[in-house]
1. Yes or no: I63 out of contact with any Phe, Trp or Tyr (no Cβ under 6 Å at 6 or more places or on another chain) and of a type in the set (V, I, T)?
2. Would you be able to say whether some residue in the stretch 3-10 is open to solvent by 10 Å² or more (accessible area, probe 1.4 Å), modelled with pLDDT of 95 or more, in a loop (DSSP other than H, G, I, E, B) and among the hydroxyl-bearing types (S, T, Y)?
3. Restricting attention to the stretch 245-259, and to residues there that are surrounded by 15 or more Cβ atoms within 10 Å (Cβ to Cβ) and in a loop (DSSP other than H, G, I, E, B), which single residue is modelled with the lowest pLDDT?
4. Out of the residues in the stretch 118-153 meeting the condition of being open to solvent by less than 10 Å² (accessible area, probe 1.4 Å) and either in a strand (DSSP E or B) or free of Cβ contacts under 8 Å to residues at least 40 places away in the same chain (or both), tell me which one is farthest from D294 (Cα to Cα).
5. Of everything in the stretch 90-117, what is assigned to a loop (DSSP other than H, G, I, E, B) and either free of Cβ contacts under 8 Å to residues at least 12 places away in the same chain or at positive phi (or both)? Give them in sequence order.
6. If a residue has to be open to solvent by less than 50 Å² (accessible area, probe 1.4 Å), at pLDDT below 95 and over 18 Å from A116 (Cα atoms) to count, how many in the stretch 63-84 make the cut?
7. Could you grab me the full set of residues in the stretch 50-62 that are on the phi < 0 side of the Ramachandran plot and either in contact (Cβ under 8 Å) with a residue 60 or more places away in the chain or surrounded by fewer than 18 Cβ atoms within 10 Å (Cβ to Cβ) (or both)?
8. If a residue has to be open to solvent by 30 Å² or more (accessible area, probe 1.4 Å) and either more than 18 Å from P302 (Cβ to Cβ) or among the hydroxyl-bearing types (S, T, Y) (or both) to count, how many in the stretch 103-117 make the cut?
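The values are calculated or read from the model by the stated rules, or taken from the named source; none is laboratory data. Every value quoted in this text rests on a predicted model; they were computed, and no experiment measured them. Glycine also receives a Cβ, built like all others from the backbone with ideal geometry; neighbour counts cover every protein chain displayed. Accessible surface is based on the protein model in full, side chains and every heavy atom, while ligands, DNA and RNA are left aside. Shrake-Rupley method; radii C 1.70, N 1.55, O 1.52, S 1.80 Å.
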Amino acid sequence: MGTIKSIGILTSGGDAPGMNAAIRAVTRSAIYNGLKVYGIYRGYKGLVTDEIQEFKSQNGSNIIQMGGTILKTARCKEFTTPEGRAQAYENMKKHEIDALVIIGGDGSLTGARIFAQEFDVPCIGLPGTIDNDLYGTDTTIGYDTALNTILDAVDKIRDTATSHERLFFVEVMGRDAGFLALNGAIAAGAEAAIIPEFSTEVDQLEEFIEHGFRKSKSSSIVLVAESELTGGAMHYAERVKNEYPQYDVRVTILGHLQRGGRPTAHDRIIASRMGVASIQALLEGQRNVMIGIDDDKIVYVPFAKAIKNDKPIDRELVNVLHELSI
């Protein structure tokens, strides 16, 4: 493709606080640099069904503080087919859109990578997911807000756990990544975190009961990452009832409230930085990369690395939680 004169922006996958801040930054940075901007509604579905509207600077007004995404998001089976992607490309040509900025998680970036390869479309990804599971970036848009939402909830749960002398299992999101559970546990002063990364190494429940749950403690809180690998909070609560019936157990599943809410200052700032960086990347001729932050500096991460490589858990954090739970 030749010189980029216009871009399309879409949000895809699960919503995350800070997506609107990213939309605002991409829109305004593009206009500042002389590019036309098109908002694509409902993710890849809107690209297939032609839900495309030109955006002006005012489309980014008064949205930086809002959770969710003004562009909406949806699953799109059609985009998983060659015919659906061909239709999406035809709609891009119809509106004379030269490049795409995609805000979403690994599924969204996977779709962008396939689309870019098939039709030679420059695509830039922004890591928008509360799970913080994308390789190549220290943090993702929405993660900090979700972590603070978990912290607020666990603080409240501790009040009733202490009052009733109970053991609470609190299930948090994260899919196959334990970042929310582990860092949430440290921040909330929880006694343990059960995360998928260690599910095949040790019996995390037995380790907690035998070494972490002291008789001098009248109550305890354990954060559990929702995952097929861990089995979730209900699985561990049932195990405790059967294997350690002396404990009074309760379960709280935080669910989708973790995705909502006003984004924190941190999420607004990284979304703004990444949004501006996405336009700079296109102007530099970059394509098929995700914008990341490494050591507080903007980096370009090839889609292949961001999607395929597993982001490792810092085992030092596990040691911190273990030492502080005595």
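1. So I63 passes the test.
2. No: the stretch 3-10 contains no residue that is open to solvent by 10 Å² or more (accessible area, probe 1.4 Å), modelled with pLDDT of 95 or more, in a loop (DSSP other than H, G, I, E, B) and among the hydroxyl-bearing types (S, T, Y).
3. Among them, the one singled out is Y247.
4. Of the stretch 118-153, the ones open to solvent by less than 10 Å² (accessible area, probe 1.4 Å) are 121-128, 130, 132, 134, 137, 140-142, 145-146, 150.
Going one step further and asking which of them are either in a strand (DSSP E or B) or free of Cβ contacts under 8 Å to residues at least 40 places away in the same chain (or both), we end up with 123-128, 141.
Working: C123: 21, I124: 17, G125: 16, L126: 14, P127: 13, G128: 16, I141: 14 Å.
The residue in question is C123.
5. Of the residues in the stretch 90-117, the ones assigned to a loop (DSSP other than H, G, I, E, B) are 95-98, 105.
Within the stretch 90-117, just E96 meets the criteria.
6. Final tally of qualifying residues: 1.
7. Across the stretch 50-62, the qualifying residues are Q53, E54, K56, S57, Q58, S61.
8. Total satisfying the criteria: 1.
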